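Reviewing the structure listed below.
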Amino acid sequence: MKYSHIKHVFAKELRSFFNSPVAYIVIVVYLAILGWFFVSNLFINNISTLRTVFEMTPFLLLFFAPAMTMRLISEEKKTGTLELLMTKPVSEGEIIMGKYLASLALYFFTLLPTLCYYITIVIIGELDTGAVIGGYIGLLLVGGVFLAISVFGSSLTENQVVAFIVSLFIVFALFMLDKILFYLPTSIASILEYISIDYHFSNIARGVIDTRDIIYYFSMIGFSLLLATNVLQRRRWA
Amino acid sequence: MSIIVNDLAKFYGDSKAVDDISFEVHSGEILGFLGPNGAGKTTTMRIITCYLSPNRGSVSVEGYDVLKESLAVRKLVGYLPEQNPLYGDMNVLEYLDYMAKLQGVVKPLIPRRMKDMIEACGLGEMKHKDINQLSKGYRQRVGLAAAMIHDPKVLILDEPTSGLDPNQIVEIRSLIKELGKQKTVILSTHILSEVQAACNRVIIINRGKIVADGPIDDLQRSLHGGEKILLEVEIPTVQSFDMVALQIKAIPAVETVSLIEESNNIKKLNIETSSAVDIRRDLFSLCLTKGWTLLEMHRIQTSLEDIFRQLTSDSAK
C-alpha cells in the first residue's frame, strides 16, 4: 500500500462528498435529529449529560453509514469508471482504503459539531470529561466498523439501493445481536455477545478503554475492508 | 516487440470470449482491431490493460507480464475503455489532474502535461466545464487526453470514435494518427474505413479467434485472388454480348465476363481475372484493334468491407 495512492483516492472522494448534496444532507439531518434529543433531555428532564449523543449516534449510524458509502463503489461499477480506476497503477486495497478513509472523514466532520453540546454542558453543569473522551473514541470506532461494512456492501453491487439495503441489513444484525441474547442458550450467547457491536461500545462509552474492545473494532474494520478488496480483485477473474 | 500475446484465452462461464489467440505488436505500429460486436475485441484489450486476468496464455507489454508485473504494465499503458467512462461531477481540469496523479505522473510535471494534452485535444475552451455538460465529442477528447496524460508508450483505444458525428470522427482519427507516431497503438473498431484511414496493420477477430492478420494491402490481395475490372465500351458494329465476351476472354487470365448494362451499342461489362494480373493494357489494345470506343475502365479493389464480410460471415454459420 502506497500512501500517495490512498491520498489521491481519498482526496477525490472527500471532494465529491462535499461537491454533492450528500455531505450536507448527512450532516444537517444527523445534527437535527440529535439536537432534538439532546435539547429535550436538557430542558425537559433537566439532566446535563452527553448520553443522548452517545446512545443515539450508533442508532442513527445504522442508517447513515450505509447512506454515506452506498455510492462509493457501486456508482463506479454502474458508470464504468471502476474500469478506469482498476487499470491505473493503483492496487485494489489502495482504492478501498482511500474510499473508506474519505467516508470516515465525512463521519468525523459530522460528529465535530456535537462538540458544541459538550461545551454547552461544561458551561452550565458538570461533566465527566474522561467518559466524554471515551465516548467519542467509541463513536469513532463504531462508526469505523459500520462504514467499513458499508463499503463492503457497496462493493457487492452496481445498484446503490441494493448496496444500502445489504449494508443496512448487516450492520443492523450486528447491532441487534446484543438485544436478542436473552433468548439464546448461554453457550452461544457469549460468542454472539463478542461479535455484537453494542456490547463493546457500552464498555467504551462508560469511559473504559479495554484492548479487547479495541482489537474487536479493528479486526472488524480490517476484515470488512479485506472482503471489499477481495470483491474487487475477483472482478478480474469474472 | 512492444506487446506479445501468446495463446491467450478467456472464458465467461462456459462461453469462450477469447479463444487461444496470439499476436505481436511492434513499437510504433498502429494496429486496428476489427471484428463484429461480441467478437472478443474488448475482452482482449481489457486483458492487455490488466482489467481482466487471462484464464490461459500470457500477455506481456514492453517485457512486463500482465499477471506478475501488473502495476508496471498499467504504468506504461494509456487506456480509453469502451463507452468512455468519466467522472461527470468533475470539471476537465480536475479530472485530468486526478488521472495524472493516479497514473503516477510526478507532481511538478502535471501542470505541463495537462496543458499539453488540453492543447493537443482542443479542450482549451472547455477546461473549466463539468464533464457532464460536455457534448459527446468533447467527452471523447477528454477520455483521450486522460489516456495520454502520462505520455504512455502503449495506447489502447476501445472504439474511440463510436457515437461521434463524421466531422468529429475525422478529427479524432487524425489526432490518434498524430499522437500515435511514437507510440504503439491498438485501436478497436467495427467501422472499417477507420482502420483504412488510421492503421498500418489490421487484425480481424471473430468469435474469439483471429481470422486475418496483416497489412491492409496484403489482406486485400491475398483474400481476393483475382481482380475486378469495370469496362464500358461503345461498339460501332452490332455484336451480341457473347461475341464480345469471347473476344475479351481471349486475353489470358480473364475468367468471367458478365454484362451489367446494355443500351444501343454501349455495353457495360464486369471482368474478373483468376490471378492478380493487371490486364488493363491488354483490354486497351483490344479496343484499339477492334475499333471499340473506350468509355470507361477502372479497377475495382476489394474493399475491407468485402474482406470483413467474407471472413466473419463464413464462420458465423
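Taken together, the values in this text are just the output of simple stated rules run on the coordinates, not laboratory data. Everything numeric here is computed off the predicted structure, so don't read it as measured data. FYI the Cβ positions are ideal-geometry reconstructions off the backbone, even for glycines, and counts take in every protein chain you see.
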Which of B:Ile248, A:Ile121, A:Ile188, A:Ile195 has the fewest other C-beta atoms within 10 Å, and how do the rest follow up to the most?
A:Ile188, A:Ile195, A:Ile121, B:Ile248
Under the rule of at least 5 residues apart or a separate chain, name every residue whose amide H is placed under 5 Å from the amide H of B:Ile300.
B:Lys228, B:Ile229, B:Leu230
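Hey, what number do you get for the protein assembly as shown at 222 nm if only DSSP H runs of n ≥ 4 count, each worth -39500 (n - 2.57), divided across all residues, to the nearest 500?
Working: 22 runs with 308 residues, N = 555.
After summing the helix terms and dividing by residue count, I get -18000 deg cm²/dmol.
Compute the Cα gyration tensor for region A:92-227, then decide on rounded, prolate or oblate, letting a ≥ b ≥ c be the square roots of its eigenvalues: rounded whenever a/c is under 1.5, prolate when a/b is larger than b/c in the other cases, and oblate in all that remain. Write down the numbers at each step before the final one.
On the way: a/c = 1.99, a/b = 1.20, b/c = 1.66.
Cα axes put region A:92-227 in the oblate bin.
For a Förster distance of 35 Å, can you work out the FRET efficiency between the beta-carbons of A:Ile33 and A:Ala189, rounded to the nearest 0.05? Could you put the intermediate results ahead of the total?
Details: r = 32 Å, r/R0 = 0.91.
So, using R0 = 35 Å, E works out to roughly 0.65.
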For peptide B:82-90, what's the mean number of Cβ atoms from other chains within 10 Å of each residue's Cβ?
4
Under the Karplus curve 6.51 cos²θ - 1.76 cosθ + 1.60, θ = phi - 60°, whole-Hz ³J(HN,Hα) for region A:152-166, x wherever Gly or Pro sits:
4, x, 5, 6, 7, 9, 9, 9, 4, 5, 4, 4, 4, 5, 4
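When the Cα atoms of region A:3-233 are enclosed in a convex hull and the volume is divided per residue, what value in Å³ results?
On the way: hull volume 31.2 nm³, N = 231.
Expressed per residue, the convex hull around the Cα atoms of region A:3-233 is 135 Å³.
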What do you get when you divide the Cα radius of gyration of region B:1-126 by 2.2 N^0.38 Å, with N the number of residues?
1.21
Expected max-MSF residue from A:Pro21, A:Pro185, A:Pro58 in the GNM of chain A (alpha carbon, under 10 Å) is A:Pro185
Can you sort B:Thr293, A:Thr157, B:Thr237, A:Thr110 by how many other beta carbons sit within 10 Å, fewest first?
B:Thr237, B:Thr293, A:Thr157, A:Thr110
Given H placed on each backbone N at 1.01 Å, which residues far from B:Glu29 in sequence or on other chains put an amide H within less than 5 Å of it?
B:Val185
Most mobile listed residue (A:Asn45, A:Asn19, A:Asn203) in chain A, GNM with C-alpha springs under 10 Å
A:Asn45
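What average count of beta carbons from other chains do you get within 10 Å of the Cβ of residues in A:87-95?
Values: counts 18, 14, 13, 6, 3, 0, 0, 1, 1.
Partner-chain Cβ atoms within 10 Å, mean over residues of A:87-95: 6.
Would you calculate the convex hull of the Cα atoms in region A:186-238 and tell me its volume per residue in Å³?
Values: hull volume 5.0 nm³, N = 53.
For region A:186-238, the hull spanned by Cα atoms encloses 94 Å³ per residue.
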Distribution of pairwise C-alpha distances over region A:1-130, 5 Å bins, in %:
2, 9, 17, 18, 14, 11, 9, 8, 5, 3, 2, 0
If amide H atoms are modeled at 1.01 Å from N in the peptide plane, then the residues at a separation of 5 or more from B:Phe11, or on another chain, having amide H under 5 Å from its own are B:Ala17, B:Asn55
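State the extension gain, in nm to one decimal, for the chain segment bounded by A:Thr81 and A:Val122, taking 0.36 nm per residue of separation less the distance between their alpha-carbons.
Values: separation 41, 0.36 × 41 = 14.76 nm, distance 4.82 nm.
Extra length available between A:Thr81 and A:Val122 comes to 9.9 nm.
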P(r) of region B:225-301 in 10 Å steps, Cα pairs, percent per bin?
19, 61, 19, 1
What residue among B:Arg281, B:Arg56, B:Arg141 shows peak mean-square fluctuation when chain B is described by a Gaussian network model with Cα springs under 10 Å?
B:Arg281
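Given Cα positions, please report Rg to Rh for the protein assembly as shown, the hydrodynamic radius being the Kirkwood one. Each step should come with its number before you reach the end.
Details: Rg = 33.6 Å, Rh = 28.2 Å.
Rg divided by Rh gives 1.19.
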Ratio of Rg to Rh over region B:3-222 (Cα coordinates, Kirkwood Rh, two decimals):
0.96
In percent, what relative contact order does chain A have, based on Cα pairs under 8 Å that are 6 or more apart in sequence?
26
Across region B:36-42, in residue order, what do the Karplus-derived ³J(HN,Hα) couplings come to in whole Hz, using 6.51 cos²θ - 1.76 cosθ + 1.60 with θ = phi - 60° and x for Gly and Pro?
x, 4, x, 7, x, 5, 4
Whole-Hz Karplus ³J(HN,Hα) for region B:55-64, in order, using 6.51 cos²θ - 1.76 cosθ + 1.60 and θ = phi - 60°, x for Gly and Pro?
7, 8, x, 9, 9, 10, 10, 6, x, 9
Average beta-carbon neighbours from other chains, 10 Å sphere, peptide A:223-236
1
Going by Cα centres, region A:183-232 and region B:104-157 are how many Å apart?
46
Lysines with Cα under 18 Å of A:Lys99, excluding same-chain neighbours fewer than 8 positions away:
A:Lys2, A:Lys7, A:Lys12, A:Lys77, A:Lys78, A:Lys88, B:Lys101
Only Lys, Arg, Asp and Glu count, each charged at its Cβ (+1, +1, -1, -1), so figure out the dipole size of the protein assembly as shown about its Cα centre, rounded to 20 debye.
800
